[in-house]
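Quick notes on the structure that follows.
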Amino acid sequence: MIGPALFARLTTLASSLVLLSGIAILWRHSLQAYIRSFARQSFFIVLAIVVVALHDGDAPLYLVAAMVFALKVVFIPRVLRRVQRHVGADREVRPYVNTPVSLAIAGALTLVAYAVAEPVVALSPAPTRGGIPLALAVVFVGLFILVSRKSALTQIVGFLVLENGVALLAVLATSGVPLIVELGVFLDVLLGFLVMQVFVYRIRETFDTINVDRLRDLRQ
C-alpha cells in the first residue's frame, strides 16, 4: 500500500509527464519523434495505472496496465513505424499552426483545463484529484494535434494522444474502471486505429502524399 500523500504526488507526477509527452509532439517535426513521444506517454499512463493499483490493492488494474503496455507501448508504435516506412513519410511539413504558436496554444489549453476542472477538483475527495486537470489538458492537446497538423499519420497520433487523455482521466477520476469496460475501450481503439491505417494507405496511393489537405481535390 502507498500512503495518501505519496500516492497523490505520484499520480500528479505521472499525469504531468503524460501531458509533457503530448506537448513534445507539438515541438517536434519528425514523425519518428511523434511515435516515440506517444509510446513514452503511454508508458507513463501504465505507471499511473500501476500506482493506482498499488494504492487500491486492485488486482484487475494490473491486467489493465499490462494490456495498455502491450497495445500502446509495443504494438501501436510498431505498426505506426511500419506505416511510416511504407508511405515514405519522415517529417510533418508546414503544419496549419507553426511550432511557437502551437506551444503557446498548448499552454493556454492547459490553463483552460485547470479552469474547467476546478469545480470537480474542489468537490472531489479523491487523492488523485490533482492529476484530473492535467489529464483533461492531455485531451485538449490531443484534439489540437488532430486539427492543427496536415499529415494523416500525425493526426492518427493526435487521436491516440486524445484517447490517452480520456483513459488517464477515467483512471484518476474513478480509481480505475471495470475490466469489461476497459476491454471494450481497447477494442474500439484498436479497431479505430486499424481503420485509420487503411485510410493512410489509400490517401498515399491516391495522392502520392499523406497530407490531408489534398483531400480538397475530391471536391472538384
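The values are calculated or read from the model by the stated rules, or taken from the named source; none is laboratory data. What you see is a predicted model; the values in this text were computed from it and never measured. When we count neighbours, we look across all protein chains shown, and the Cβ atoms used for this are built from the backbone with ideal geometry, even at glycine. For the accessible areas, the whole protein counts, side chains as well, though only heavy atoms, and no ligand, DNA or RNA atoms are used. Shrake-Rupley method; radii C 1.70, N 1.55, O 1.52, S 1.80 Å.
Points worth noting:
- The residues in the range 88-104 that are in a helix (DSSP H, G or I) and either surrounded by 12 or more Cβ atoms within 10 Å (Cβ to Cβ) or modelled with pLDDT of 95 or more (or both) can be counted, and the count is 5.
- Of all the criteria given as (1) at pLDDT 90 or above; (2) under 18 Å from Phe7 (Cα atoms), the one not satisfied by Gly107 is (2).
- The condition (being at pLDDT below 90, among the basic types (Lys, Arg) and open to solvent by 60 Å² or more (accessible area, probe 1.4 Å)) is satisfied by just one residue among Arg36, Arg28, Arg40, Arg9: Arg28.
- If you check Leu19, Leu80 for being touching a residue at least 12 places away in the same chain (Cβ under 8 Å) and open to solvent by less than 10 Å² (accessible area, probe 1.4 Å), only one passes: Leu80.
- Just one of (1) aliphatic (A, V, I, L, M); (2) in contact with a helix residue (DSSP H, G or I) (Cβ under 8 Å, 6 or more places away or on another chain); (3) open to solvent by less than 40 Å² (accessible area, probe 1.4 Å); (4) in a helix (DSSP H, G or I) fails for Ala170. It is (2).
- Whether a residue is open to solvent by less than 20 Å² (accessible area, probe 1.4 Å) and in a helix (DSSP H, G or I) was assessed, and Thr110 does not pass this test.
- Pairs meeting the criteria (first residue in the range 55-72 and open to solvent by 40 Å² or more (accessible area, probe 1.4 Å), second residue not in a helix (DSSP H, G or I) and not polar (S, T, N, Q), beta carbons under 6 Å, at least 6 apart or on different chains) are Asp58/Gly176.
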